[in-house]
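Taking it in order: structure first as structure tokens, then the write-up.
None of the figures in this text is laboratory data; all of them are computed from the coordinates on show. Source: prediction; values computed, not measured. Every residue, glycine as well, gets a Cβ built from its backbone with ideal geometry; the counts of neighbours run over all protein chains shown.
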Amino acid sequence: TQLLEQSPQFLSIQEGENLTVYCNSSSVFSSLQWYRQEPGEGPVLLVTVVTGGEVKKLKRLTFQFGDARKDSSLHITAAQPGDTGLYLCAGAQSRNDYKLSFGAGTTVTVRA
Amino acid sequence: DAGVTQSPTHLIKTRGQHVTLRCSPISGHKSVSWYQQVLGQGPQFIFQYYEKEERGRGNFPDRFSARQFPNYSSELNVNALLLGDSALYLCASGPQGIVNTEAFFGQGTRLTVV
């Protein structure tokens, strides 16, 4: 069983539409990170959130950390084909943790 | 600056063989972690090494071993390969032994066991 559950598993939208990806857990995390991974490549870090209720924006991407630090969301506004990829959330359960626990990922496809 | 580099990028092995995967961290980074990513799943933690010592090990059999060298590069060894070991093996480096905002992943080694 995975500590972090991501939903939906797959998402296919038209260019210009908005989308939201969710990352949920019954456990509390010290920090949560979001990665994007393209086929045959390693994950690329997008953002780290560490404070409950925190909201971070990265151009058209908005990341939110739940108040209880058990869940997070990634919202993309006006999606573009370049946003296509596997979006992974990963968490560290304590500040001194040496490993990341990953969700299974959400595969996002943005059609032109 | 060079990122995390892994070699080889692709590898095909036969069941029962052993394999060695290599990772060079970003210059100045002292921590190297290994993850296994099976198709359709997120990466699973295998090992972390910091300052040449094993800091943590995930739920993997003893067939998996690793080490870190004085220059902070690392090797992951897998003995007696099984079909289920087919996966993308990822290496991540960081400046410290704890997870922080600065963990960078390499492009991975795609291992296929036939």
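Using a 10 Å cut-off around each Cβ of peptide B:80-92, what is the average number of partner chain Cβ atoms that fall inside?
Details: counts 0, 0, 0, 0, 0, 0, 0, 0, 4, 0, 4, 1, 5.
Neighbouring Cβ atoms belonging to other protein chains average 1 per residue here.
For the range A:5-111, what is the relative contact order in percent, using Cα pairs closer than 8 Å and at least 6 residues apart in sequence? Please list the in-between numbers first.
Working: 271 pairs, mean separation 39.1, N = 107.
Relative contact order here is 37 percent.
Just round it to a whole percent: the fraction of Cα-Cα distances in the protein assembly as shown exceeding 23 Å. Provide the component values of the computation, followed by the final result.
On the way: 12042 of 25425 pairs.
Summing the P(r) of the protein assembly as shown above 23 Å gives 47 percent of all pairs.
For the range A:43-56, in order, what is each residue's ³J(HN,Hα) by Karplus, 6.51 cos²θ - 1.76 cosθ + 1.60 with θ = phi - 60°, in whole Hz (x at glycine and Pro)?
Ordered by residue, 3J(HN,Hα) equals x, 10, 5, 9, 6, 10, 10, 10, 10, x, x, 5, 10, 10 Hz.
For a paramagnetic label modelled at 7 Å from the Cα of A:Thr20 toward its Cβ, which residues of the range A:46-80 fall within the zone defined by backbone nitrogen distances under 13 Å?
Only A:62-66, A:72-77 pass the distance filter.
What average count of beta carbons from other chains do you get within 10 Å of the Cβ of residues in A:90-102?
Working: counts 6, 1, 4, 1, 2, 3, 3, 5, 16, 14, 10, 6, 7.
Neighbouring Cβ atoms belonging to other protein chains average 6 per residue here.
Quick check: the distance between the Cα centres of the range A:37-112 and the range B:61-85, to the nearest angstrom?
Taking the Cα centre of each part, the range A:37-112 and the range B:61-85 sit 29 Å apart.
Most exposed first by the Cβ proxy, i.e. fewest other Cβ within 10 Å, how do A:Asp71, B:Asp62 rank?
Numbers: A:Asp71 19, B:Asp62 8.
In increasing order of surrounding Cβ atoms, one gets B:Asp62, A:Asp71.
Taking the Cα of B:Val38, stepping 7 Å toward and past its beta carbon, and measuring to each backbone N in the range A:28-63: which are under 12 Å?
Taking a point 7 Å out along Cα→Cβ of B:Val38, no residue of the range A:28-63 has its backbone N under 12 Å.
Place the peptides A:59-68, A:79-88, B:41-50 in order of packing, highest mean first, counting for every residue the other Cβ atoms within 10 Å and averaging per peptide.
Values: A:59-68: 16.0, A:79-88: 18.0, B:41-50: 22.7.
Sorting A:59-68, A:79-88, B:41-50 by mean packing, highest first, produces B:41-50, A:79-88, A:59-68.
As a footprinting exposure proxy, order A:Leu58, B:Leu88 by other Cβ within 10 Å, with the fewest listed first. Spell out each step's value before the answer.
Working: A:Leu58 11, B:Leu88 19.
With the fewest neighbours first, A:Leu58, B:Leu88 line up as A:Leu58, B:Leu88.
Provide the descending list of Cα extents for the range A:5-111 along its principal axes, expressed in whole angstroms.
Each principal axis gives a Cα extent; for the range A:5-111 these are 40, 29, 22 Å.
Mind checking which lysines have their Cα closer than 28 Å to the Cα of A:Lys57? Skip sequence neighbours fewer than 8 apart in that chain.
Answer for A:Lys57, where 28 Å is the Cα cut-off: A:Lys70, A:Lys99, listed by chain and number.
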